[in-house]
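The values are calculated or read from the model by the stated rules, or taken from the named source; none is laboratory data. Note that the coordinates shown come from a computational prediction; the quantities given were computed from them, not determined experimentally. Because the Cβ atoms are built from the backbone with ideal geometry, glycine has one as well, and the counts that use them run over all protein chains shown. Ligands, DNA and RNA are excluded from the accessible area calculation, which covers all protein heavy atoms including side chains. Shrake-Rupley method; radii C 1.70, N 1.55, O 1.52, S 1.80 Å.
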Amino acid sequence: MHNEDNTRENAAVETGRNFIEDMIASDVAAGKMRVQTRFPPEPNGYLHIGHAKAICINFGMAEKFGGKCNLRMDDTNPAKEDIEYVEAIKRNVEWLGFRWDALCFASDYYEKHYESACILIEKGLAYVDDQSGEEIRATRGTLTAPGTESLWRNRSVEENRVLFQAMRAGEFPDGSKVLRAKIDMASPNINMRDPVIYRVLRATHYRSGDDWCIYPMYDFAHPISDAIEGITHSLCTLEFEDHRPLYDWAVENVGLWPDPPHQTEFARLNMTRTIMSKRYLKMLVDNGSVAGWDDPRMPTLSGIRRRGFPPAAIRRFCEMIGVAKSNSVVDAAMLEYCVRDELGAKAHRMMAVVKPLKVTIENWPEGVYEDVVLENMPGDEAAGSRTMRFGRELWIEADDFMEDPPKKFFRLRPDGEVRLKNAYIIKCVGFDVDESGKVIGVRCTYDPDSKSGAEVRKVKGTLHWVSAADAVDAEIRLYDYLLLPDDDPETAGKDFSERMNPNSLEVVHGKVEPALAGRNEGESFQFMRIGYFCADPDGTPEKPVFNRVVGLKDSWAKQK
RNA sequence: UGGGGUGUAGCCAAGCGGUAAGGCACGGGACUUUGACUCCCGCAUUCGUAGGUUCAAAUCCUGCCACCCCAGCCA
């Protein structure tokens, strides 16, 4: 019996792996003494949930193998980068719960990049090209036709040395010269057709200022930076697969590192109804479609955090989706599951009414109140409790009353009974409508013997409620996805800009129990049966604001 | 039409020659003072496709098909 259980458990542990973990494990088994990874974003925008996958993989692998992981800013393009993004990235990584061993900047390696390029020149493996950008493009060839060699390809080492120094010294205008790796203009891999590795660019870098007027390209800076940091496993996304031969070429030919890094690629994260492109996200911010990078609708880590997704849920999600090489689109329901699961165990249960409907208890005297105890976590006394006054006038959810309900409606109906959570069973004895026929109030009586905890008859439905005397007005923001459903025949396959969901935000004015007033930003609660909500920093103690994190499963809603 | 990748259920994803893990979603049931949670049960005779090798193929071989990435002085 015990043996069997153990065997099954061990088997489960064995299968919890992915190909990258297997690879590192076998590297370690083969004698590699060190595991060093890095997460290398360019600080040109905010990180999103897709980056969380890369963060979890890079930091996670280091953690699993007792190795180290650096946070490196891949800042080799001064035109796009900013310190604002650096700070946001640091906050996001910390928020996810990871600690970097070193905070690095590609810009700190500029001198070493330069020296590495000089080595290539001395070896006759790099040359200064005088062609214009257009000429370079035109002579690169096409997918099917080889490129043609530049007239400047066979300059002498001396000439290249002098010219490259002059480039650095600022003797040439932007775009007039580049340094190219001398590889093979006929290579079937376009990345190997003498790629540009340095360009002249006069832009003030957010860190190095105007120290440099030449900047290394990603294809050169990245492998060299990895090698400088002693990275053992350079884990990146699939689109860099074609660049790997160049990566290896650079490290090998500069030749300074006996134990060079190796690149391994995995599929980037895509998710249904979600935009996963810095370019589009930046567009949404710039054109005012959202309030900013941290708008709770945004899939950015800052947005997700503000929405109320707990970092542990993101980490769990990244575990759950696995690591592989096939392009895939993960169902956002999986993320929501992780969020619900995490919050279900941690978020206090609170009463709030999103769309209020007045209930009057006709056999309860006016001006009389009774304290009702509400547990923070039913079944867990240690989590504490608070009270709210039960009185003659209460608010319930407008959707919880139906004048003429279908068969399986368990909530309030004319002549029907329900329990008010933690309070009494009430019976509907009438309701009032306005001129348009809309229900504006429900009249009930309560059963004095049915106080919560009492052994009386069971009723099918239990409603959440807020007493009119204690209710605090709150602004409640109900968020939906930024994009229309993927299977919408109207917009399927279209560009993001044509798939924007016009109803991604609904603001309603609800009533919440007093314990919810003045809550701290970031705290999440379960509003009974409605969903999880997070206190937003926009709120005040008098008028709190809550963002819906995710809804609860609702089998009744599904029936309808 | 060049090169590099990938195809296992509605969606992720294990599997690496011995007879299709797991999760999400979905359906059914139990429980319930949240129609939540939890707990049971069900959910691929078949692995893009057509052949071949083998006692045995998702796994090996061959052909074909589909999808993704690459022609920035972006990363």
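Computed quantities for the displayed model
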quantity: Segment A:167-199, residues that are open to solvent by less than 10 Å² (accessible area, probe 1.4 Å), of a type in the set (A, V, I, L, M) and without any contact (Cβ under 8 Å) to a residue 60 or more places away in the chain; calculated: A:167, A:185
quantity: Enumeration of residues in segment A:438-458 that are open to solvent by less than 60 Å² (accessible area, probe 1.4 Å) and modelled with pLDDT of 95 or more; calculated: A:439, A:441, A:442, A:444, A:445, A:446, A:447, A:450
quantity: Matching option when the condition is in a loop (DSSP other than H, G, I, E, B), surrounded by fewer than 17 Cβ atoms within 10 Å (Cβ to Cβ), of a type in the set (Val, Ile, Thr) and on the phi < 0 side of the Ramachandran plot, among A:373, A:368; calculated: A:368
quantity: Tabulated pairs, segment A:246-273, first part of a strand (DSSP E or B), second small (Gly, Ala, Ser), C-beta under 6 angstrom, 6+ apart or interchain; calculated: A:263/A:234; A:271/A:332
quantity: Pair list, Cβ < 6 Å and 6+ apart or interchain, from segment A:371-385 residues that are near RNA strand B (Cβ under 10 Å from one of its atoms) to residues that are of a type in the set (S, T, N, Q) and open to solvent by less than 30 Å² (accessible area, probe 1.4 Å); calculated: A:372/A:422; A:374/A:422
quantity: Selection count, segment A:29-44, where residues are closer than 26 Å to residue A:286 by Cα and buried (at least 22 other Cβ atoms within 10 Å of the Cβ); calculated: 3
quantity: Residue match in segment A:517-527 (condition: within 22 Å of residue A:345 (Cα to Cα), within 15 Å of RNA strand B (Cβ to nearest atom), hydrophobic (A, V, I, L, M, F, W, C) and out of contact with any Gly (no Cβ under 7 Å at 6 or more places or on another chain)); calculated: yes
quantity: Complete set of residues in segment A:410-423 that are open to solvent by less than 20 Å² (accessible area, probe 1.4 Å) and out of contact with any Ser or Thr (no Cβ under 8 Å at 6 or more places or on another chain); calculated: A:412, A:416
quantity: Residue in segment A:202-211 that is more than 21 Å from residue A:107 (Cα to Cα), of a type outside the set (Ser, Thr, Tyr) and surrounded by fewer than 17 Cβ atoms within 10 Å (Cβ to Cβ) present; calculated: no
quantity: Count - residues of segment A:91-102 that are surrounded by fewer than 16 Cβ atoms within 10 Å (Cβ to Cβ) and under 11 Å from residue A:46 (Cα atoms); calculated: 1
quantity: Strands (runs of 3 or more DSSP E) wholly inside segment A:407-460 that include at least 3 residues being away from RNA strand B (no atom under 12 Å from the Cβ), in contact (Cβ under 8 Å) with a residue 40 or more places away in the chain and within 44 Å of the chain's Cα centre (by Cα); calculated: A:439-446
quantity: Subset of segment A:322-354 [part of a helix (DSSP H, G or I) and either open to solvent by 60 Å² or more (accessible area, probe 1.4 Å) or touching a helix residue (DSSP H, G or I) at 6+ places or on another chain (Cβ under 7 Å) (or both)]; calculated: A:334, A:335, A:337, A:338, A:339, A:341, A:342, A:345, A:346
quantity: Selected residue [over 26 Å from residue A:376 (Cβ atoms), open to solvent by less than 30 Å² (accessible area, probe 1.4 Å) and in contact (Cβ under 8 Å) with a residue 60 or more places away in the chain] from A:483, A:463, A:478; calculated: A:483
quantity: Members of segment A:535-552 found to be within 16 Å of RNA strand B (Cβ to nearest atom) and either modelled with pLDDT under 95 or part of a strand (DSSP E or B) (or both), listed by number; calculated: A:546, A:548, A:549, A:550, A:551
quantity: Hits in segment A:390-409 (condition: surrounded by fewer than 16 Cβ atoms within 10 Å (Cβ to Cβ) and under 18 Å from residue A:512 (Cα atoms)); calculated: A:393, A:399
quantity: One residue from A:215, A:114 being away from RNA strand B (no atom under 14 Å from the Cβ) and touching a residue at least 12 places away in the same chain (Cβ under 8 Å); calculated: A:114
quantity: Condition met for residue A:257 (open to solvent by 50 Å² or more (accessible area, probe 1.4 Å) and of a type outside the set (Gly, Ala, Ser)); calculated: yes
quantity: Among residues of segment A:68-88, those that are within 12 Å of RNA strand B (Cβ to nearest atom), open to solvent by less than 60 Å² (accessible area, probe 1.4 Å) and aliphatic (A, V, I, L, M), counted; calculated: 1
